[in-house]
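Student: Please find one structure pasted underneath; my questions will follow.
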Amino acid sequence: MSDEAESVSMIEAPETAHKAHSHGTGHRWFDIVMAVAILLVSAGSLYVSLHTGHTMEALVKENERLVRAQSTPILQFNHGNVTDDGEKALEFGISNVGTGPARVMWTELHSEGKTYREMSDYVKASGSGQVTYITSQINQSVLSQGEERRILKWSYPKDPAAQKRWELINKTRFEATAKACYCSVFNECWTTNMAADLPQPVKSCDR
C-alpha cells in the first residue's frame, strides 16, 4: 500500500474592511451649530485677549503720564528791594515752583532793549565806577523742587554815584523780563519767560 501525501489547502478568510468613524453626532444641523459655537467662543477669547492687551497698554501710558506730570518743574523769576531781614538791597532770584528738579541750561535777562546772559553785565550796564554786589551761577545747574536761587544781591551803597546806579536798576527792574531753557529728569525741555505764561516745550536747549 503506497503512502500518498495528503494535500491540505488553507483558505484564508477575506479581510473585513473597516469604516472610518466620524466624530459627528449624525445630526448634520447640530454638528454645524456646534462648529459655529466653537468658532464664536474662539473669536470671543481672541477679542478678550486683544482688549486686555490694549487696556494694559493704556494703563502703562497713563502711568507714564502721571509720573511725568509729577516731575514737571516750573521756573519763576522774582525781584525785590528789601530782604527778609529788612535790609535795603536789590535781590533777583529764580525759584522752582513746579514738581521735580529742573536742569537749568541757560538764562538771560532783557532790559531796555538789551539782553544780558550774566547778572554782572546787567549791573555794569547801569554806569561806571566801583560797586560791590553778589551773584550766584544758575546756568548749567540743577534747581531742586521748591528751591530758590538768588542770582543777584546788591546792598544799598554808601557812595552817591553808586546809589544812582542802584536807584536806576530799582526803577527799571519792573520792565525787565527773564527767559530760560531747562529740562526735567526725563529730558523733556521747555523755554519760559518765568512769568504767568505756560512753559513752551522744545526738543532741546541748544542755542
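Student: Any idea which residue in segment 66-99 is nearest to D197 (Cα to Cα), counting only those that are modelled with pLDDT of 95 or more, charged (D, E, K, R) and outside any loop (DSSP other than H, G, I, E, B)?
Tutor: Result: E91.
Student: Among the residues of segment 134-177, which ones are surrounded by 16 or more Cβ atoms within 10 Å (Cβ to Cβ), without any contact (Cβ under 8 Å) to a residue 40 or more places away in the chain and closer than 30 Å to P73 by Cα?
Tutor: T135
Student: Right, here's the next one. Out of A20, A102, report the one residue that is at pLDDT below 65 and either assigned by TED's automatic domain parsing to the domain that holds A176 or more than 27 Å from the chain's Cα centre (by Cα) (or both). Explain how you work it out, then say what you get.
Tutor: Details: A102 fails: at pLDDT below 65.
On inspection, the qualifying residue turns out to be A20.
The values are calculated or read from the model by the stated rules, or taken from the named source; none is laboratory data. This structure is a prediction, so every number in the text was calculated from the model and none was measured. Cβ sites come from the backbone with ideal geometry, for glycine too, and all protein chains shown count toward neighbours.
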